[in-house]
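One structure is given here, and the rest of the page talks about it.
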Amino acid sequence: MGAEVLLSCLKGVRKRGQGQWMACCPHHEDKSPSLSVRLLDDERILLHCFAGCSPAEVLGSVGLSMSDLFPEGAISHHIGKIPDWKRKKLESAKDHELLVLEIAAADKKKGKVISLADKKRERLAKLRVQRISEVLAHG
């Protein structure tokens, strides 16, 4: 993915220099641009939300993932067989996040009012499940 794909998903984009932009963060109610986007020489993309949103939260809000910040092959040297102990920890973490999602779904089904904090935790669980699944699929 190139920077143009990410930038096309954002609002209020302003060029700040060669390979640098500011935009409104899609993860929080942003009235003035607080998201810095920078394209590095090797085509990696750096994100920084000055309001404190993580890159994963920003990307998840526009339907992208962390792997979209890297050009094809840029992280291939990190990909290899995941040791069994690490795979078990990742699978356990994924199971925990899936439980969070099951609880949220059950609460919604019962008609319970979901707090803003619980909605944010549900979004975070979805992002974590997605990322862990990507890591496990490559290792």
Rounded accessible area of ILE132 (nearest 10 Å², 1.4 Å probe) | 20
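Roughly speaking, what % of Cα-Cα pairs in the range 11-61 are separated by over 19 Å, rounded to a whole number? Intermediate results must be reported in sequence, preceding the final value.
Numbers: 248 of 1275 pairs.
Tail fraction, whole percent: 19.
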Dimensions (Å) - the range 78-139, Cα atoms, principal axes, largest first | 44, 16, 15
Under a 1.4 Å probe, counting only protein heavy atoms, ARG38 has an accessible area in Å², nearest 10, of 110
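If you build the Cα gyration tensor of the chain and take the root of 5 times each eigenvalue, what three semi-axes come out, in whole angstrom, biggest first? Please list the in-between numbers first.
On the way: eigenvalues 164, 114, 18 Å².
Here the semi-axes work out to 29, 24, 9 Å.
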From the Cα centre of the range 79-120 to that of the range 24-43, the distance in Å is 27
Given a 1.4 Å probe, the accessible area of the chain per residue, as a whole number of Å², is 66
Could you run the Karplus curve 6.51 cos²θ - 1.76 cosθ + 1.60 with θ = phi - 60° over the range 112-119 and give me ³J(HN,Hα) per residue in whole Hz, x for Gly and Pro?
-> 5, 6, 9, 6, 4, 4, 5, 5
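Rounded to the nearest 20 debye, what is the charge dipole size of the chain about its Cα centre when +1 sits on each Lys and Arg Cβ and -1 on each Asp and Glu Cβ? Display every interim value, and only then the final one.
Details: 24 positive and 18 negative charges, 101 e Å.
For this selection, approximately 480 debye.
At a 1.4 Å probe radius, carbon and sulfur cover how many percent of the accessible area of the chain?
Accessible surface attributable to carbon and sulfur in the chain totals 54 percent.
The values are calculated or read from the model by the stated rules, or taken from the named source; none is laboratory data. Note that the coordinates shown come from a computational prediction; the quantities given were computed from them, not determined experimentally. A quick note on method: Cβ atoms are made from the backbone with ideal geometry, for glycine too, and the neighbour counts reach across all protein chains shown. Note: areas computed on protein heavy atoms with side chains; ligands, DNA, RNA excluded. Shrake-Rupley method; radii C 1.70, N 1.55, O 1.52, S 1.80 Å.
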